[in-house]
Structures are given as structure tokens and as C-alpha cells.
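Chemist: Okay, handing you the structure first.
Every read-out reported here was derived from the displayed coordinates using simple, explicitly stated rules and does not represent laboratory data. Here the structure is a predicted model, which means the values were calculated and not measured. In this analysis, Cβ positions are derived from the backbone assuming ideal geometry, glycine residues included, and neighbour counts consider all displayed protein chains.
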Amino acid sequence: MKWYYVENGQQAGPVDDAQLADLWQQGRLTADTLVWREGLAEWQPYRAVSPVESSGSGEAVPVPPATLRPVPAEEAVCIECGRVFNKSDMIPHGNVHICAGCKPVFMQKVAEGAQLNTGELRYAGFGIRFAAKFLDGLILGVLFLAPMMVVMFSRGVQQQPGEVDLFMIFFQLGFYGVNLAYTVFFLGRYGATPGKMICKLKVVKADGEPVSYLRALGRYFSELVSGMVCYIGYLMVLFDKEQRRALHDHMCSTRVVYK
């Protein structure tokens with residue numbers, strides 16, 4: 001079972017039952033921390049889905065999620081304060097509810113365009129993805145292209161007509177190798193390249209789970225296909241109104257979402 005939780009105002013996860021219990025033991029979860037899994041209508045405080053009990057030593061311990069108690073259908077958790085109220089006393093917003101006391105604060109956030117923790121994946125559009133790709137290009141340029149250009153100019157060797165420049169061949173192969181290692185390492189380890197991190201984006205699977213190194217490798221080669229024929233594969237993001245997928249996202253079943 002995969003769980004998501006709110007940490008520092010941001011959605012985190014997914015984690016399994018054991019990892020969720022470990023987060024409690026580490027103090028990263030409290031009884032009021034909002035959590036969610038597939039099957040729950042909305043976010044719930046941790047105490048609602050895994051009630052905190054007292055051990056023999058007087059220390060609070062969580063009940064394993066396997067013993068979840070059902071949340072009454074007529075009640076809901078306020079997305080702002082985390083307390084449980086009757087739905088008739090709350091206002092709905094998408095798949096979340098807000099209590100009367102938190103309504104002014106919540107509506108102010110909506111008016112200001114602040115990010116709301118609704119538990120849904122927020123798919124990144126073409127503009128922000130282009131910015132992340134541009135930043136990655138700049139980073140790779142500093143790390144690889146700039147030093148190589150210095151080496152090329154320092155050689156000062158004139159290529160003769162019909163002569164194969166082995167240096168340029170190795171240069172191009174080296175660039176593709178560095179780009180591959182850069183992309184696969186950061187996607188497999190952190191779920192985002194540095195450019196995406198700066199733009200607060202990440203690459204996930206269709207269910208929101210992190211991508212593996214193998215999927216990151218497949219996505220890299222699929223992205224080469226997206227770049228063929230005038231970058232049409234990238235432009236597909238503009239026409240996928242629901243999940244903003246490029247051709248390589250379709251090929252590898254990935255999504256680019258906001259953190």
C-alpha cells in the first residue's frame with residue numbers, strides 16, 4: 001500500500017506501510033500530519049488512519065495500518081488545520097474540505113494563487129518544462145562544452161580536406177555519454193535533473209511513484225526520439241491537455257509534475 005504525506009507544506013511520498021511507521025518513529029510524522037492513499041476520499045490526519053496508542057512504557061506508538069478504522073462518511077478533515085468536522089459544517093474545494101474557521105485563510109490562498117495541497121498530481125506544462133531543459137543545457141555546457149571548446153581552440157590544428165577529425169568524433173561521443181550519465185543518475189537518484197530541481201519539477205511514473213534507473217535510461221533514449229523531426233515529440237506537451245505528456249513520456253509511462 002502506497003501512502004503520501006504532507007511535510008513542510010509539500011506533498012511527499014509514496015512510502016509503504018513500514019516506511020510510514022518509520023517516519024512516525026523518527027518524529028517526521030505527528031498525529032495531525034495529513035496522509036493519503038488510494039481508496040481514501042480525501043486527506044486524513046495520521047491519527048485517523050493509524051490511531052496513536054500508548055505502549056506499556058507510556059510511549060506513544062502507531063497502530064499498524066492493517067488495523068485501520070473506517071472514517072465516517074459524513075465527516076472530513078480540514079485541509080488547513082487537520083481537524084475533523086462534519087461535512088455539513090465545511091466548504092468543499094475539489095476533493096478537499098475546509099472548516100469554517102479556516103475558510104478566510106484558505107480563500108486568501110486561492111486568491112493569491114498559492115499552492116494548495118489537494119493530494120493530486122500537478123502536471124507541468126510546456127513553458128516550465130522548456131525552462132528546466134534550458135537550465136540543464138546551461139549546466140551541461142559549463143561542465144563539458146566550455147572546457148572542450150578551450151581544448152579545441154588550443155589545438156590550433158587545421159583539418160585537411162577529406163580528413164576525418166577523430167577529435168570531433170570523440171568529442172561528440174563524450175558529450176552524449178556525459179549527458180546520458182547526467183540524466184540517468186539524477187532521475188534515478190532524485191527523480192529530477194538539476195534543471196528540474198530549480199523549477200521544482202520531478203519525473204514520476206503514472207501512479208506518482210519514483211522512476212527507477214532503468215526507466216530513466218529508457219526515458220533518455222526515448223527523449224532522443226522526441227527530438228527528431230523538428231522536436232515534434234516535445235511539442236506534444238502542448239496538445240495533451242490532461243497530463244501534459246511528451247512523446248517520451250508516452251513511451252516510458254512517465255509524467256513530469258510539480259513537487
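Chemist: How much net charge surrounds Leu23 when only the other residues with a Cβ under 12 Å from the Cβ of Leu23 are counted, with Lys and Arg +1 and Asp and Glu -1?
Modeler: -3
Chemist: Quick check on segment 126-258: take the gyration tensor over C-alpha atoms, sort the square-rooted eigenvalues as a ≥ b ≥ c, and tell me if it's rounded (a/c under 1.5), prolate or oblate.
Modeler: Prolate shape, in that a/c is at least 1.5 and a/b is the bigger ratio.
Chemist: Where the centroid of each part is defined by its Cα atoms, how far is segment 208-259 from segment 84-113 in Å?
Modeler: 35 Å
Chemist: Calculate the spin-label point distance for Leu121 paired with Lys205, positioning each point 7 Å from the Cα along the beta-carbon direction, and give it in nanometres.
Modeler: Output for this residue pair reads 1.1 nm.
Chemist: Related question: Using the Cα gyration tensor of segment 174-251, with a ≥ b ≥ c the square roots of its eigenvalues, what is the shape: rounded (a/c below 1.5), prolate (a/b larger than b/c) or oblate (neither)?
Modeler: Values: a/c = 1.66, a/b = 1.14, b/c = 1.45.
Note, shape of segment 174-251 comes out oblate.
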